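Some notes on the structure that comes next.
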Amino acid sequence: QVQLVESGGGLVQAGGSLRLSCTASGIIFRINYMGWYRQAPGKQRELVATITTTGNTNYQDSVKGRFTISTNTARNTVYLQMNSLKPEDTALYYCKYNVYTGEYWGKGTLVTVSS
């Protein structure tokens, strides 16, 4: 059974940095892409960044140049380096693995950016 566990969230001042990690346990076949999503209070969940197994990345416009998504060679951990954080980045951050048979989600890690 596949499980995704996010970590690295916390409280940080505006302009600060955080590094989120998402570790997958279990056997995952045929990964299409991995991604980070976020949901702020009262808002819908939105895409933050994705990365394919060939290393192609995609970012939401508001985080371009500030966030970097990466993965380890085993593809069982996905990272999100977040720099120059802003209060509007405050949200619950989720990771997702999109695979041939569907998708897996973690339960999220909370990021709070104070002004």
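Assess whether Leu20 counts as being at pLDDT 95 or above, under 14 Å from Gly8 (Cα atoms) and crowded, with 20+ Cβ neighbours inside 10 Å.
Against the criterion (at pLDDT 95 or above, under 14 Å from Gly8 (Cα atoms) and crowded, with 20+ Cβ neighbours inside 10 Å), Leu20 qualifies.
Give me the pairs, please: first residue somewhere in the stretch 94-115 and free of Cβ contacts under 8 Å to residues at least 40 places away in the same chain, second residue anywhere and open to solvent by less than 30 Å² (accessible area, probe 1.4 Å), beta-carbon distance under 8 Å, and either six or more positions apart or on two chains.
Once the first residue is free of Cβ contacts under 8 Å to residues at least 40 places away in the same chain and sits in the stretch 94-115, its partners that are open to solvent by less than 30 Å² (accessible area, probe 1.4 Å) give Glu103/Lys96; Glu103/Tyr97.
Since Gly15 meets every condition but one in (1) out of contact with any strand residue (DSSP E or B) (no Cβ under 8 Å at 6 or more places or on another chain); (2) over 23 Å from Ser115 (Cβ atoms); (3) touching a residue at least 40 places away in the same chain (Cβ under 8 Å), which condition does it not meet?
Going through the list (1) out of contact with any strand residue (DSSP E or B) (no Cβ under 8 Å at 6 or more places or on another chain); (2) over 23 Å from Ser115 (Cβ atoms); (3) touching a residue at least 40 places away in the same chain (Cβ under 8 Å), Gly15 breaks only (2).
Name the single residue, out of those in the stretch 89-115 being more than 25 Å from Ile31 (Cα to Cα), touching a Leu at 6+ places or on another chain (Cβ under 8 Å) and of a type in the set (Val, Ile, Thr), that is surrounded by the fewest Cβ atoms within 10 Å (Cβ to Cβ).
For the stretch 89-115, the residue satisfying everything is Thr112.
For the stretch 66-88: of the residues being touching a residue at least 60 places away in the same chain (Cβ under 8 Å) and assigned to a loop (DSSP other than H, G, I, E, B), which is most open to solvent (accessible area, probe 1.4 Å)? Can you show your working first?
Pass one, the stretch 66-88, residues touching a residue at least 60 places away in the same chain (Cβ under 8 Å): 79-87.
Cutting the leftovers down to assigned to a loop (DSSP other than H, G, I, E, B) gives us 83-86.
On the way: Asn83: 58, Ser84: 64, Leu85: 3, Lys86: 80 Å².
Filtering the stretch 66-88 for residues that are touching a residue at least 60 places away in the same chain (Cβ under 8 Å) and assigned to a loop (DSSP other than H, G, I, E, B), the one most open to solvent (accessible area, probe 1.4 Å) comes out as Lys86.
Does Tyr79 satisfy being under 10 Å from the mean Cα position of the chain (by Cα) and within 18 Å of Glu46 (Cα to Cα)?
When the stated conditions are applied, Tyr79 passes them.
Could you please give the count of residues in the stretch 1-17 that are small (Gly, Ala, Ser), open to solvent by 50 Å² or more (accessible area, probe 1.4 Å) and in a loop (DSSP other than H, G, I, E, B)?
Total satisfying the criteria: 3.
The values are calculated or read from the model by the stated rules, or taken from the named source; none is laboratory data. A quick note: this is a predicted structure, and the numbers were derived from the prediction, not measured. Backbone-built Cβ (ideal geometry, glycine too); neighbour counts: all protein chains shown. The protein model used for the area step is the full one, side chains on, heavy atoms only, and it has no ligands, DNA or RNA in it. Shrake-Rupley method; radii C 1.70, N 1.55, O 1.52, S 1.80 Å.
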